[in-house]
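The values are calculated or read from the model by the stated rules, or taken from the named source; none is laboratory data. From a predicted model like this one, the values you see are computed outputs, not experimental measurements. Cβ: placed from backbone, ideal geometry, glycine included. Neighbour counts: every protein chain shown.
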Amino acid sequence: MTIATLKSLFGYKAWANAELFALLADVPAEHAGPLHACIRTLNHVYVADRIFRAHLSGEPRPFDATNTQDTPSLRQLQAEVQATDAWYLDYVSRLTEPVLAEVLDFRFTDGDNGRMSREEMLLHIVTHGGYHRGNVGEVLQSIAIDAPRDLYTKFLHQSEPSRRGA
């Protein structure tokens, strides 16, 4: 995978997160239970993003589990996700091919040892977030709310309209 592709994928991730959080901000109060489930799911994604950020940067792991005991407010979580997305965008923009290929040892939250290349970690972050945004989409569908069209192709054509004129 090229660094340019990673930059594009993390741009897509930030775009998809922003679209989803904007929609969630308008979920009617009568759907507090499903909204809470959506926030819990997105908080899990955020926690995993931060754990892998620590692995990538050689910092201590900021969480000891894959979700937090307390549930943040939607607004608080959105701000944290935006900051984390910005960190990843900056991180991938500064990578070099040799650094991308480096293999790192780390410990999972369950105590097991892990070993992945930086590239594998970054791909995990992108695919993991997409998987769970899909889970949130299913919750929204159960309360008759259409989730945003979380498509890489849509992101590419919105962010680079010239691709439509091929």
Might you check whether a residue that is under 18 Å from Glu59 (Cα atoms), in a loop (DSSP other than H, G, I, E, B) and of a type in the set (Gly, Ala, Ser) occurs anywhere in the stretch 136-159? no
May I ask you to verify whether Arg115 is under 17 Å from the mean Cα position of the chain (by Cα) and modelled with pLDDT of 95 or more? no
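Sort through Ala83, Ala48 and tell me the only one that's within 19 Å of Gly129 (Cβ to Cβ) and buried (at least 19 other Cβ atoms within 10 Å of the Cβ). If you could, list the steps in order and put the result at the bottom.
Details: Ala83 fails: buried (at least 19 other Cβ atoms within 10 Å of the Cβ).
Just a single option satisfies the conditions, and that option is Ala48.
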Residues of the stretch 90-137 being among the small types (Gly, Ala, Ser) and within 13 Å of Phe52 (Cβ to Cβ), in sequence order, are Gly114, Ser117, Gly129
Picking from Leu9, Leu35, the residue that is among the aliphatic types (A, V, I, L, M), closer than 18 Å to Arg133 by Cβ and in contact (Cβ under 8 Å) with a residue 60 or more places away in the chain would be Leu9
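Please return the ranges of helices (runs of 4 or more DSSP H) entirely within the stretch 1-113 where 3 or more residues are not hydrophobic (A, V, I, L, M, F, W, C).
Counting at least 3 such residues, we get 3-24, 32-57, 74-93.
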Residue selected from the stretch 121-145 under the condition over 20 Å from Asp85 (Cβ atoms) and not acidic (Asp, Glu), by the criterion surrounded by the fewest Cβ atoms within 10 Å (Cβ to Cβ): Ala144
Being at negative phi, more than 14 Å from the chain's Cα centre (by Cα) and either surrounded by 15 or more Cβ atoms within 10 Å (Cβ to Cβ) or of a type in the set (Val, Ile, Thr) (or both) narrows Pro98, Pro148 down to just Pro148
Could you identify the single residue in Arg107, Arg115 that is charged (D, E, K, R) and without any contact (Cβ under 8 Å) to a residue 40 or more places away in the chain? Arg115
Number of positions in the stretch 76-96 that are without any contact (Cβ under 8 Å) to a residue 12 or more places away in the chain and closer than 30 Å to Ala37 by Cβ: 3
